[in-house]
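S.K.: Here you go, one structure.
The values are calculated or read from the model by the stated rules, or taken from the named source; none is laboratory data. None of the values given here were measured: they were computed from a predicted structure. Reconstructed Cβ throughout: ideal geometry from the backbone, glycine too, with neighbour counts over all protein chains shown. Note: areas computed on protein heavy atoms with side chains; ligands, DNA, RNA excluded. Shrake-Rupley method; radii C 1.70, N 1.55, O 1.52, S 1.80 Å.
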Amino acid sequence: MNSNAWWRSAVVYQVYPRSFADASGDGIGDLPGIADRLPAIAELGVDAIWLSPYYPSPQHDAGYDVADYTDVDPRLGSLADVDRILTGAHALGMRVLVDLVPNHSSWDHPWFRAALASAPGSPERARYLFRDGKGPGGDEPPNNWQSVFGGPAWERVTEADGTPGQWYLHLFDRSQPDLDWTDPEVVAFFDDVLRFWLDRGVDGFRVDVANAMAKAPGLPDVAPTAGTDRSGSSPMWEQPEVHDIIRHWRTITDSYPGQRILTGEAWVFPVERLAAWVRPDEMHQAFNFPFLEAPFEATELRRVVQRSLDAFGSVDAPSTWVLSNHDVVRHASRLVMDPLPIGGLRRDHAAVTDPARGVRVARAATAVMLALPGSAYLFQGEELGLPEVFDIPDALRQDPTFARSGGEHLGRDGCRVPIPWTADAPAFGFNATGESWLPQPASWAAFARDAQRGVAGSTLEFYRAALATRRAEGLGGAALEWTDAAPAGVLGFRVGAVRVWANTTADAVPLPEGDVLLASGPLQGEALPAETTVWIRG
Ligand code: NOJ
């Protein structure tokens, strides 16, 4: 094990292509937009970027429904644009991870179309999970599984002769049929997909729902008690055979030079179970969602950080910290919501009434995260302090969870709104035409990158300073020690030569002695204000 491997302490910036920069002006972000703006990402001081899916797709789940795994959606660009991003990012010293979506394809994938056109029991159907229904005439789904997006996880097809036919499994939207990973053709196909992108020069993969590919043999019903306890066993998730798939992929990434990696997206709880996914011959990283779900509160944070360090440490893996991504309420809003919107935004969640406090707490939490040993992921726009958008009109909501939950879950569109670059420009500089696939709030002029760049005290400059100091002090690779001297409600720890105090309370506390290297917000003389984090040498 190479303890200096880049990924053990890397900061990775997630680019969500639809919402980053739109060179074509059609309102949907694209790869040329990303290629043009790589210098802006590099200027932040990150080590790598992760691109969410850009593959050909009917976009029923924002591209996580892939119709062709080795091409680019024409609305987003071309393979030549991927090459441009790879070359450009590498020249700027950044690695590039791409998204791998192996649990399901789109219903527009040629394989699924062939499966629909073929008979039950055919090899074409064997690549997916087609089953006969239960009950008279096979009218009931084969088991009781529910889709993550709401409603049953089965859809019935009409057979070629026009009669109601078999059912297929979809753990997500019905446009995302699950692949059957017991079929050797599926395994071989994804080997080729990995090699295709590795040969092109990508530095690794963020693996979508990395704990789902294998299902329990016989597809048994979910026990009635399961579902509420996320650490319980389920026939859909965490099957032992998934580890075999990951181990096999690891031999593929390891066969390439340059430390290519696998990063797992696995909503596995508690963190001790998550650690099983990053054993030495499995994935390199797995997002630490237990950390993401923690409140900004000293005791809770200490508990989740220590548990994470113990769990990942026991398998010699770094923890991969994360506070925001395209699936969760942006942390500039989430952390000041009560209760925390765990599991997504619902109609009954109240919008944040004090957005300035939201940014203050988010910056304080980010300053904790970026001081911790291990790797960290940032989501585009968090460096601008962007809040969640709560008031997207229902008619414009695109996330399938909205419709599938009958509107009870508002879905994830509120964190996916195209980001603002220029305060005084159409679509805030997202493009030149003013089009935007989701509406941008007028208040976002104040968050625009050009309104923050070079402005002391801005969120953008805070992120740049944090990343520069993290790098200079080697924080990602140092060991953490708790410092018990911190007052109640203050999370105190030391990493390398840096002492971190995060005041999670509503009151100021005396500032510890030493040179302030970074403060997440303005200090008040000798006081560390409420909901503020400092990094101190001394
Ligand atoms: C996780 C992705 O991050 C999410 O956006 C997607 O909807 C599901 N996996 C299904 O692919």
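S.K.: With the calculation restricted to Cα positions, what are the radius of gyration and Dmax of the range 254-360 in angstrom?
M.R.: Looking at the range 254-360, its Cα Rg and Dmax stand at 15.9, 52 Å.
S.K.: Out of PRO522, TYR463, LEU511, whose Cα points farthest toward the positive end of the dipole of the range 454-538 (charges: +1 Lys, Arg; -1 Asp, Glu; placed on Cβ)?
M.R.: Checked the options; the winner is TYR463.
S.K.: Would you be so kind as to identify which of ALA266, ALA298, MET283 lies farthest towards the positive end of the dipole of the range 261-300, taking Lys and Arg as +1 and Asp and Glu as -1 on Cβ and the Cα centre as origin?
M.R.: So the residue furthest toward the plus end is MET283.
S.K.: Now for a different question. Using DSSP, restrict attention to beta bridges with both residues in the chain and report what percent are antiparallel, rounded to the nearest 5.
M.R.: Close to 55 percent.
S.K.: Going by a ≥ b ≥ c, the root eigenvalues of the Cα gyration tensor, does the range 269-326 fall in the rounded group (a/c under 1.5), the prolate group (a/b larger than b/c) or the oblate group?
M.R.: It is oblate, given that a/c is not under 1.5 and a/b is not larger than b/c.
S.K.: With a 1.4 Å probe and every protein chain kept in, tell me what percent of the accessible surface of the chain is carbon plus sulfur.
M.R.: Taking all protein chains in place, the chain shows 53 percent carbon and sulfur surface.
S.K.: Using the Cα centre of the chain as the reference point, and only Cβ charges (+1 on K/R, -1 on D/E), how large is the resulting charge dipole? Debye, rounded to the nearest 20.
M.R.: 1040 debye
S.K.: Over the range 58-174, average the accessible area per residue using a 1.4 Å probe and give it in Å², no decimals.
M.R.: 40 Å²
S.K.: Highest mean first, how do 58-67, 149-158 rank when packing is the count of other Cβ atoms within 10 Å averaged over residues?
M.R.: Top of the packing list down: 58-67, 149-158.
S.K.: With a ≥ b ≥ c taken as the square roots of the eigenvalues of the C-alpha gyration tensor of the range 424-509, please select rounded if a/c is under 1.5 and otherwise prolate if a/b is larger than b/c or oblate if it is not?
M.R.: Verdict is prolate for the range 424-509.
S.K.: How do the peptides 31-38, 42-49 rank, highest first, by the average count of neighbouring beta carbon atoms within 10 Å per residue?
M.R.: Packing proxy ranking, top to bottom: 31-38, 42-49.
S.K.: Given Cβ point charges of +1 (Lys, Arg) and -1 (Asp, Glu) and nothing else, what value in debye, to the nearest 20, does the dipole of the range 110-169 about its Cα centre take?
M.R.: 200 debye
S.K.: Could you list the GluC sites (Glu not before Pro) in the range 506-538 that lie in coil according to DSSP, counting only those with at most 11 other Cβ atoms within 10 Å of their Cβ?
M.R.: Here the GluC sites (Glu not before Pro) that fit, given the DSSP loop and packing criteria, are GLU513, GLU526.
S.K.: Measure nothing fancy, just the Cα-based angle from helix 240-254's long axis to the longest principal axis of the chain, in degrees from 0 to 90, nearest 10.
M.R.: That works out to roughly 70 degrees.
S.K.: Tilt of helix 459-473 relative to the longest C-alpha principal axis of the chain, in degrees (0 to 90, nearest 10)?
M.R.: The two axes meet at around 80 degrees.
S.K.: Keeping all protein chains in place, calculate the accessible area per residue for the range 479-537 (probe 1.4 angstrom), answer in Å².
M.R.: 43 Å²
S.K.: Still on this structure, please answer the following. How big is the charge dipole of the range 310-351 about its Cα centre, in debye rounded to the nearest 20, if each Lys and Arg gets +1 on its Cβ and each Asp and Glu gets -1 on its Cβ?
M.R.: The calculated dipole for the range 310-351 is roughly 300 debye.
S.K.: As I understand it, the dipole of the chain uses +1 on the Cβ of Lys and Arg and -1 on the Cβ of Asp and Glu, about the Cα centre. Which of GLY121, PHE149, THR353 lies farthest toward its positive end?
M.R.: THR353
S.K.: Can you give the Rg to Rh ratio for the chain, taking only C-alpha atoms and Rh from Kirkwood?
M.R.: Looking at the chain, the ratio lands at 0.96.
S.K.: At a threshold of 8 angstrom on Cα-Cα distance, excluding pairs fewer than six apart, so keeping six or more, what relative contact order does the chain reach in percent?
M.R.: 13 percent
S.K.: Sticking with this structure for a sec: Label-point separation (nm) for GLU272 and ALA351, each offset 7 Å from Cα along Cα-to-Cβ?
M.R.: 4.3 nm
S.K.: Any idea what the relative contact order of the range 110-169 is, in percent, if you count C-alpha pairs under 8 Å spaced at least 6 apart?
M.R.: Here the relative contact order equals 30 percent.
S.K.: Using a ≥ b ≥ c from the Cα gyration tensor of the range 110-169 (square roots of the eigenvalues), is it rounded, prolate or oblate, where a/c under 1.5 gives rounded and otherwise the larger of a/b and b/c decides, a/b for prolate?
M.R.: oblate
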